[in-house]
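Reading through the structure tokens given below for one structure.
Please treat every number below as a calculation from the coordinates, not as lab data. All values derive from a computational prediction rather than experimental measurement. Cβ atoms come from the backbone with ideal geometry, glycine included; neighbour counts cover every protein chain shown.
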Amino acid sequence: MDTPATVSPRPGWWKYWVILSTRTQEDMAYRVNYVVGAIFRFLPLVTTLYLWMAVYKSRGETGGGTEIAGWTLGNMVSYYAFVYIARGFSSMPGMTRDICVDIKDGALNRYLVKPMSYFWYQVVYRLAHKLVFWLVALFTFPPIFWFIREAFTHRPSVLEVAAFVASLFIAFSIGICFNFLIGLLAFWFTEISTFLFVIMVMEFFLSGHLIPLNLLPAAAQPFLNYLPFAFEAYWPCTILMGKVPAGELGGLLGLGLAWAVSLFLACLVVWRLGVKRYSAVGG
């Protein structure tokens, strides 16, 4: 009698690979949207650069010098260009809102009954978006950067490039964990849209997306520079610009990794507390 064939169980990570590949294929169906978005996302950069050009021109005409906080106009242009790279890793558009909706509408039920982690589901879901975005960005970003190539006066060393790549992974981790934590507030608050707006504006400012953190008051910099938000934009950009001494790169990346781990552990704790008080119908 033939022995019935047995199906070897899939490893635990396989389900997340299926989510990642499926979501990537779904996003690729709308790749034209990514192309248009990747191009038009640079429009605010044009406005910002014209503003800074006017500021530097005014300083030059009034004898204020050609530098602001030690940065030339070229430094400022390259910083804002690199911000778009960092933001492509740290920003999680729609993540917080989606988590809030899942919790408030009871859609979270469908994930709680499945043998998977809701946190890691969100990670691979957002990672799929990032993979498609950067596949498109490989063709849309270079022409923009070539157009402003004269601003890139610093040639980063191999160590700086490696530290920059590591900082981008830290930025992604911090962005994921922070947005997940904020989304979990829906376990305790019915309506948090206004609170979310305030938090996101604060994150945008404190991360250095709006202005470089070294332009803020000197008394605040020792505090603001080492918050987790600074690792979402400011530090990756300044690393690639050569503004961070080589001897400080290890300690800086270590601090960023410590923030990422701390936020991850906070996600686990807040998730468990939230699920204990969660009750919903439907979904």
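Summary table
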item	result
Calculated [θ] (222 nm, deg cm²/dmol) that DSSP helices of n ≥ 4 give over the chain, each run adding -39,500 (n - 2.57)	-22000 deg cm²/dmol
Extension gain (nm, one decimal) between Val165 and Tyr50, 0.36 nm per residue minus Cα-Cα	38.5 nm
Exposure rule at most 14 other beta-carbon atoms within 10 Å, DSSP loop GluC sites (Glu not before Pro): the chain longest free segment	68-190
Simple spin-label estimate for Leu43 and Thr66 in nanometres, 7 Å along Cα-Cβ	3.4 nm
Values of log10 I(q)/I(0), in the order q = 0.10 Å⁻¹, for region 28-277 under a Debye, Cα-only, solvent-free model	-0.55
Efficiency of FRET from Cβ geometry, Trp146 and Leu227, R₀ 35 Å, rounded to 0.05	0.55
Extension gain (nm, one decimal) between Val18 and Ile211, 0.36 nm per residue minus Cα-Cα	65.5 nm
Nitroxide proxy distance, nm - points 7 Å out along Cα→Cβ at Tyr111 and Thr190	2.3 nm
Under 24 Å from Lys15, Cα to Cα: lysines that are on another chain or at least 8 residues apart	Lys114, Lys130
Orientation-averaged projected area, Cα convex hull of region 171-283 (nm²)	8.5 nm²
